[in-house]
């Protein structure tokens, strides 16, 4: 195989993933909702419901507040772009993709942060009470969640001596099987961060608009139609990105090598299985836990930080 | 032969504990208690004679080891335990008469008293550093319910504090023991011999210094809680003040010694391994701190038993300091001070116990005119106080003199601290005891004659040790000091 | 190979043990603390069992069995019974708030790991790093004792302390001599009984199990 064909294959792989994530993300959200419905003894709206919602929203006319600035209009696109980028660079089906040079874990956290800053600014842009409230709460939660996420990523980086996601995944997936106690801690911390960052129970409840408790929904109350659709889609992508990051860090086994077409179906099949399991697990977690008071959220996220630091310390002490 | 003697020494109190658990409620339980303690004392004398004749010996598959150092503590422990049992006979009856104790409480007291003696003797004679720990913990467990014997809120609080603090302390000591074993098993291999002190002592040069350093810190902090070293001492005054006086006497006179013995044994290993004076320096530091803090605290005391409890901390600090200095003279002085302190302090507690019973309070402001109501109790307290303050010709003077002169030689900078602390302690205790013994009072006589034989017996012994040191005794101490290096 | 996995597994259990201690430190309810204590005992028993299996030391099987009976079944059962008899259901009151306690806890872990680092270098194979974890658990249990107000929680903390020490003894040093271990187990059992007696005495006298009632003894 020449240099050229290899490059083309890599590009093809990358394009596959790019399309896959953007198309599959709403499906994952639908799957989580459906699982929740089953667990709560409801029949549910079906796994395709998010697509229907997106379709409906895209066909509506957008209403924008009179005093909205250009920032407010631009934000949905920026957020959507950030999330798409994040989901696309995480190695989930193959390790050595062209974009993966950008897949540095710290850069990834930065991409998430950019999206967060914009959506918070946009929420305050209109000047409504709920927007500021949501932005403030969002900042509180993410201010606590981000260091924990960084600590989790550092633990994984320490093991593979690199902050490049492909290298981390490669180290964990293709080496002899070792039990990493530090990663167990990191995984627990990661789950907490995932719940907080994706506005899930017990930190936030994505399906209510109760002013006392809502965080994420409060920020996007002013959006409608295609803007709202993009934001919803970005949320799905964010969840997808987080879950696939979790898969990449903690169970990367079965990922394909570049150019290994034969390995691709297996890799995709395994990925789908992992995503389904993760989604079902998330639904279960949300069903069994209750929404906590917002003032308990710092403690909850503090626990995540603590766990991540413990994982890091244990890595230092045990050397694995 | 040594096996049999040792078995007698250990089994008599254990058997006594069992007997008193059954017969502790009978009217003659106090006599049985004294009898058992007497038998233990006889057994300890027999064992002592043998060890002095034949030198250090191991027994029971090397699980026990007797040398001149611990046999002297065994004899001291058995003797003070015996005299305390003599004292507690009338004392506890008076308490019962005053309605402070019930028969059931006495039952508990007698059986625990024997088991406590047993635990201390095991801790002293065992060769296994792990068993030392087990026995020390057992000694805590047997005394903790004795401290709360009166069931008053204050005594419960004291017992709880004692239990928790010593429990934590002893847990740290266990961690130290584990670290010691961790270091030892790399040299001596897995299994039973790796915690035997004699084996450890032979290979101490090969033990890993970093591990032993850490181990010693834990052992010192752990057993130091028991010794009452500052800043881990806060249980000690409470437990002494709130428990029955015989318990205060044995805690002060014996248990603290036993814990110190464990520390000294560890120190020998650790300094041997490190080839430095690390453990000794730590002990000196803790000792000086305890001495100074306890001496300063003496002024603030209002409760007579509390005051003498602080005096125990002060003296244990001094002894720890002496053992920390090391060397033949300092160790000799430390052992002598241990002996005279045990005898004097228990004698003081005996006298104090009766004085408190007469006055009906432990507050020193309310105790007056002891010489007037009971000249024997009064004089016992006066002489005991003189002795503990290190007045010549009592033995405490001799040992303190030796410690201070050695310190002047080896560590001159410590001399001012030592002298100032001793001076402060003198002023504080003397100033508070003087008004108690002189003056007028209206106290009533006691329902039972007080037990003053033990008081004067102890003080007599201390006096003898002060004016004339028998040759064989000083030989014995010298041999023990040589063993500890 | 087998012993390699065994050592990895023991490491994992050690890490979980530390996690359980942290969970106890963060716990607000007494009953959950007791349950966590039972879990800790279970982890201890399993790790002892694995060490026994991988190093072929038979006396450790007894230790594992003893742990299982004593610390997973008997003591939690006794504590639960006590709770029922004393009718204690309140939340734990802490002297410092829980997030601060956690931060102090992390600092203690760092301190312990630092202290144990030179020892970890010495140890080979299965015990590497375990002393550090055990030391950290010991210090955390001490912290738990300091920050809790209720007598019962102090006792659970004390037992957790004992567990950490037991872990150090069995996993880090492959077990102390059996007679020592039996002695320790006996002491712990007796201590728990005495604690039980105390609970009743304290409650009888103070009408509460809050130890802040017991801060009357002072020097003057």
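The values are calculated or read from the model by the stated rules, or taken from the named source; none is laboratory data. In this text, all values refer to a predicted model and were calculated from it rather than measured experimentally. Every residue, glycine among them, receives a Cβ derived from its backbone with ideal geometry; neighbour counts consider all protein chains shown.
Can you spot a residue in the stretch A:7-24 that is within 19 Å of residue A:239 (Cβ to Cβ) and assigned to a loop (DSSP other than H, G, I, E, B)? Among the residues of the stretch A:7-24, not one is within 19 Å of residue A:239 (Cβ to Cβ) and assigned to a loop (DSSP other than H, G, I, E, B), which makes the answer no. When the stretch A:119-145 is filtered for residues that are more than 15 Å from residue A:199 (Cβ to Cβ), free of Cβ contacts under 8 Å to residues at least 60 places away in the same chain and buried (at least 19 other Cβ atoms within 10 Å of the Cβ), only A:125 remains. With the requirement that a residue be touching a helix residue (DSSP H, G or I) at 6+ places or on another chain (Cβ under 7 Å) and within 8 Å of chain B (Cβ to nearest Cβ), what does the stretch C:182-193 give you? The answer is C:183, C:184, C:187, C:190, C:191. Listed here are the helices (runs of 4 or more DSSP H) enclosed by the stretch C:1-86 that have at least 2 residues being without any contact (Cβ under 8 Å) to a residue 60 or more places away in the chain and closer than 22 Å to residue C:147 by Cβ: C:2-26, C:30-55. Is it true that residue C:157 is at pLDDT below 80 and within 17 Å of the chain's Cα centre (by Cα)? The answer is no for residue C:157. Considering only residues in the stretch B:385-421 that are at negative phi and outside any helix (DSSP H, G or I), the one that is modelled with the lowest pLDDT turns out to be B:392. Taking the numbered list (1) in contact with a helix residue (DSSP H, G or I) (Cβ under 8 Å, 6 or more places away or on another chain); (2) at pLDDT below 90 in turn, residue B:198 passes all entries but (1). All of B:76, B:124 fail the test of being surrounded by fewer than 23 Cβ atoms within 10 Å (Cβ to Cβ), within 24 Å of residue B:3 (Cβ to Cβ) and in contact with a helix residue (DSSP H, G or I) (Cβ under 7 Å, 6 or more places away or on another chain), apart from B:76.
So, of the residues in the stretch B:187-217 that are surrounded by fewer than 18 Cβ atoms within 10 Å (Cβ to Cβ) and within 8 Å of another protein chain (Cβ to nearest Cβ), which turns out to be nearest to residue B:266 (Cα to Cα)? Across the stretch B:187-217, the extreme among qualifying residues is B:210. Checking each residue in the stretch B:224-243 for being part of a helix (DSSP H, G or I) and within 12 Å of chain C (Cβ to nearest Cβ) picks out B:235, B:236, B:237, B:238, B:239, B:240, B:241, B:242.
Condition check for residue A:162 on (1) touching a residue at least 12 places away in the same chain (Cβ under 8 Å); (2) under 20 Å from residue A:110 (Cβ atoms): one failure, at (1). Screening residue A:32 on (1) out of contact with any helix residue (DSSP H, G or I) (no Cβ under 6 Å at 6 or more places or on another chain); (2) assigned to a helix (DSSP H, G or I) shows it passes everything except condition (1). Among the residues making up the stretch B:147-168, those that are more than 8 Å from every other protein chain (Cβ to nearest Cβ), surrounded by fewer than 24 Cβ atoms within 10 Å (Cβ to Cβ) and assigned to a helix (DSSP H, G or I) are B:155, B:165.
Screening residue A:72 with (1) surrounded by fewer than 15 Cβ atoms within 10 Å (Cβ to Cβ); (2) more than 22 Å from the chain's Cα centre (by Cα); (3) modelled with pLDDT of 85 or more gives one miss only, at (1).
Among the residues of the stretch B:129-146, those that are within 7 Å of chain C (Cβ to nearest Cβ) and in contact (Cβ under 8 Å) with a residue 24 or more places away in the chain comprise B:130, B:131, B:137, B:145. If you go through the stretch C:169-180 and keep only what is surrounded by fewer than 24 Cβ atoms within 10 Å (Cβ to Cβ) and either closer than 22 Å to residue C:9 by Cβ or more than 8 Å from chain B (Cβ to nearest Cβ) (or both), you end up with C:174, C:178. Where residues in the stretch B:297-313 are more than 20 Å from residue B:287 (Cα to Cα) and either within 20 Å of the chain's Cα centre (by Cα) or more than 12 Å from chain C (Cβ to nearest Cβ) (or both), which of them is surrounded by the fewest Cβ atoms within 10 Å (Cβ to Cβ)? Per the stated criteria, the residue is B:305. Quick check: anything in the stretch B:233-249 more than 18 Å from the chain's Cα centre (by Cα), surrounded by fewer than 23 Cβ atoms within 10 Å (Cβ to Cβ) and within 30 Å of residue C:112 (Cα to Cα)? No, the stretch B:233-249 has no match at all.
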